[in-house]
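The values are calculated or read from the model by the stated rules, or taken from the named source; none is laboratory data. Only a predicted model underlies this, so the values are computations on that prediction, with no experimental measurement involved. Because the Cβ atoms are built from the backbone with ideal geometry, glycine has one as well, and the counts that use them run over all protein chains shown. The accessibility values were calculated without ligands, DNA or RNA, using every heavy atom of the protein model including side chains. Shrake-Rupley method; radii C 1.70, N 1.55, O 1.52, S 1.80 Å.
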Amino acid sequence: MPSLFKPTYTAIDKRTGKKVKRKTAKWYGQYREADGNLQRVPLATDKAAAQALLAKLVRQAERQEAELIDKYDLQRRRSIREHLEDYRRYLEAKGSTRKHVAQTLKRLDRLVIGCHFEKLSDLDAAKIVEWLALQRRTEARFSARTSNFYQDAIKAFASWLVLNDRIPKSPLNHLQRISIETDRRHDRRALSAAEFLALIRSATTGPVVQGMAGRDRAMLYVLAAWTGFRRAELASLTLESLELDSNPPLVRVRASYSKRRREDCVPLHSEVVARLNEWLGERGNIESDAPLFELRTRGGWFRNTAKMMQQDLERAGIAYRDERGLYADFHANRHTFVSNLARSDVAPKTAQSLARHSDINLTMNVYAHVELEQQAQAIEGLPSPPVAADLRSEIPTVSQDSLALWLAQNSDFACPEVAQADTASLYVLRSDENSAEYKPKAETALGAASQNMSPIGGVHPRGLEPLTFGSVDRCSIQLS
């Protein structure tokens, strides 16, 4: 309900100097706007005038609310399919790739059908969460990561509905992504140098797979693992993409084919340049705008590069999915590229730039794989710890004569067995100087008898406990 009030504030009383609470001279009004937000506004010092102003604001809010109700009611009567079609046109107009648009709408269609959403008023966060959980339980390839992709798509759609005044607010804003660490179903690995060599040999001598000859596949794998290019980016390469005679040699991907929607340029390794020149020479005349690799079928679909890699790996005797459950599919070549950068001690920022990632955490934590062998090599590169011989050589020792002198002068504190000890085998250790029971009396006497032993720092012969109050008649001996 709208209301008038006078806010209070704290002031200093000039006569007493104390803090006092006072009310403002001006009246304030409180009411709700058409969108439901609570508003508090200053009005007038005269109460009647303030009431009139507040009533005017309330009438304006009511008219706006009525207009919004009419507008939203019109949108609610439309089928959600109509809104999805408008959303598709919006994605295309803003420059999204055909693949992104198709993938987004496919996910939205499946989710809308699965949750039985027919109108905008049917959008319900709880139903979406339940449906996604069901897919994760029942579908082998519907991982937590995939679940998050579906959720992101429907949340983006709901936000678009709000921005275009089709619903007053999104009912899905509170949905949170789930952790992907506990439910990873297609994690990739980086190939070792030996594995990659075996893969190239297998491809070179292998038969035609997925419409591609063996030598073409071998060149494709090399270029993928030394540039980090994705399948669609590699499929877009032509002779015009290569600048093999420049300094340094480069390969370019046009913005329309790059995942980040801008032209990408990656320098080429000298050996990759040599391999490319040899391979291009074997292929003969190639049109400048023709694809270097036949990665698309006549119908425009991508060839199954994962199956291609799998067959070449199997001929080389390498597991497509290893004992850890990690896959070596075609995208694993990109993981190999980034991992090799990390192993070569390339600066993280440079690795991020070459991988063309917006987030360095993606480069370092997802693509840069550090295997157990590399970890062992890193540990082996650490400085060596001190060995036992080094420790003993730095500890001051007690001579047999100085120990005998100390025992003769402190017979009250010595056990009879000490005289029989092989004193040459005893050496000095440091005791706990902070111990409440530490008594350096015997240690001081021993230090005065021998210069080979420092009385500072709690040093005493090994096998003798520091003297403790009430332990005159007790002794503990440990012979080395």
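With the checklist (1) over 31 Å from the mean Cα position of the chain (by Cα); (2) under 20 Å from Asn164 (Cα atoms) in hand, flag the one item Tyr31 doesn't pass.
So the condition that Tyr31 fails would be (2).
Given the conditions (1) within 20 Å of the chain's Cα centre (by Cα); (2) part of a loop (DSSP other than H, G, I, E, B); (3) of a type in the set (A, V, I, L, M, F, W, C), and given that Phe330 satisfies all but one, which numbered condition is not satisfied?
Among (1) within 20 Å of the chain's Cα centre (by Cα); (2) part of a loop (DSSP other than H, G, I, E, B); (3) of a type in the set (A, V, I, L, M, F, W, C), Phe330 violates only (1).
Every residue in segment 72-102 that is open to solvent by less than 90 Å² (accessible area, probe 1.4 Å), in a loop (DSSP other than H, G, I, E, B) and over 17 Å from Leu123 (Cβ atoms), please.
Within segment 72-102, Gly95, Ser96, Thr97 meet the criteria.
Only one of Arg296, Arg260 is among the charged types (D, E, K, R), within 34 Å of the chain's Cα centre (by Cα) and at pLDDT 85 or above; which? Talk me through it step by step, then tell me what you get.
Details: Arg260 fails: at pLDDT 85 or above.
Answer to the check: Arg296.
Output the qualifying pairs, or none if there are none: Cβ atoms under 8 angstrom, residues six or more apart or on different chains, first residue in segment 326-343 and touching a residue at least 40 places away in the same chain (Cβ under 8 Å) and open to solvent by less than 20 Å² (accessible area, probe 1.4 Å), second residue part of a helix (DSSP H, G or I) and among the basic types (Lys, Arg).
Note: pairs meeting the criteria are Phe330/Arg231.
Given the structure, is Ala153 within 24 Å of the chain's Cα centre (by Cα), open to solvent by less than 40 Å² (accessible area, probe 1.4 Å) and at pLDDT 90 or above? Lay out the reasoning, then the answer.
Working: within 24 Å of the chain's Cα centre (by Cα): yes; open to solvent by less than 40 Å² (accessible area, probe 1.4 Å): yes; at pLDDT 90 or above: yes.
Answer is yes for this residue.
Only residues that are in contact (Cβ under 8 Å) with a residue 24 or more places away in the chain and not in a strand (DSSP E or B): list them for segment 28-41, please. Spell out how you get there, then give the answer.
Narrowing segment 28-41 to residues in contact (Cβ under 8 Å) with a residue 24 or more places away in the chain: 28-36.
Within segment 28-41, Glu33, Ala34, Asp35, Gly36 meet the criteria.
Pairs please, first residue from segment 149-168 and under 21 Å from Asp73 (Cα atoms), second anywhere and assigned to a helix (DSSP H, G or I) and open to solvent by 50 Å² or more (accessible area, probe 1.4 Å), Cβ atoms under 7 Å, 6+ apart in sequence or on different chains.
Going by the 7 Å Cβ cut-off, the qualifying pairs are Trp160/Tyr90; Asp165/Lys71.
Yes or no: segment 314-322 includes at least one residue that is within 18 Å of Leu234 (Cβ to Cβ) and buried (at least 16 other Cβ atoms within 10 Å of the Cβ).
Initial filter on segment 314-322 (within 18 Å of Leu234 (Cβ to Cβ)): none.
No, there is no match, as no residue in segment 314-322 is within 18 Å of Leu234 (Cβ to Cβ) and buried (at least 16 other Cβ atoms within 10 Å of the Cβ).
Report whether or not Leu120 is surrounded by 13 or more Cβ atoms within 10 Å (Cβ to Cβ), under 20 Å from Trp160 (Cα atoms) and in contact (Cβ under 8 Å) with a residue 60 or more places away in the chain. Don't jump to the end; show me each part of the working.
Values: surrounded by 13 or more Cβ atoms within 10 Å (Cβ to Cβ): yes; under 20 Å from Trp160 (Cα atoms): yes; in contact (Cβ under 8 Å) with a residue 60 or more places away in the chain: no.
It is false that Leu120 is surrounded by 13 or more Cβ atoms within 10 Å (Cβ to Cβ), under 20 Å from Trp160 (Cα atoms) and in contact (Cβ under 8 Å) with a residue 60 or more places away in the chain.
Restrict the check to segment 2-12 and report whether at least one residue is assigned to a helix (DSSP H, G or I) and not acidic (Asp, Glu).
For segment 2-12, residues assigned to a helix (DSSP H, G or I) and not acidic (Asp, Glu): absent.
For segment 13-26, what are the residues that are within 14 Å of Ala44 (Cα to Cα) and either open to solvent by 50 Å² or more (accessible area, probe 1.4 Å) or assigned to a strand (DSSP E or B) (or both)? I'd like the intermediate steps shown before the answer.
At the first step, the residues of segment 13-26 found to be within 14 Å of Ala44 (Cα to Cα) are 23-26.
Of everything in segment 13-26, those that are within 14 Å of Ala44 (Cα to Cα) and either open to solvent by 50 Å² or more (accessible area, probe 1.4 Å) or assigned to a strand (DSSP E or B) (or both) turn out to be Lys23, Ala25, Lys26.
For residues that are in contact with a strand residue (DSSP E or B) (Cβ under 7 Å, 6 or more places away or on another chain) and open to solvent by 20 Å² or more (accessible area, probe 1.4 Å), tally how many sit in segment 200-248.
Residues flagged as in contact with a strand residue (DSSP E or B) (Cβ under 7 Å, 6 or more places away or on another chain) and open to solvent by 20 Å² or more (accessible area, probe 1.4 Å) within segment 200-248 amount to 4.
Which of the residues spanning segment 288-325 are part of a loop (DSSP other than H, G, I, E, B), under 19 Å from Ala213 (Cα atoms), touching a residue at least 24 places away in the same chain (Cβ under 8 Å) and not aromatic (Phe, Trp, Tyr)?
Ala290, Leu292, Glu294, Leu295, Thr297, Arg303, Asn304, Ala316 - these are the residues of segment 288-325 that are part of a loop (DSSP other than H, G, I, E, B), under 19 Å from Ala213 (Cα atoms), touching a residue at least 24 places away in the same chain (Cβ under 8 Å) and not aromatic (Phe, Trp, Tyr).
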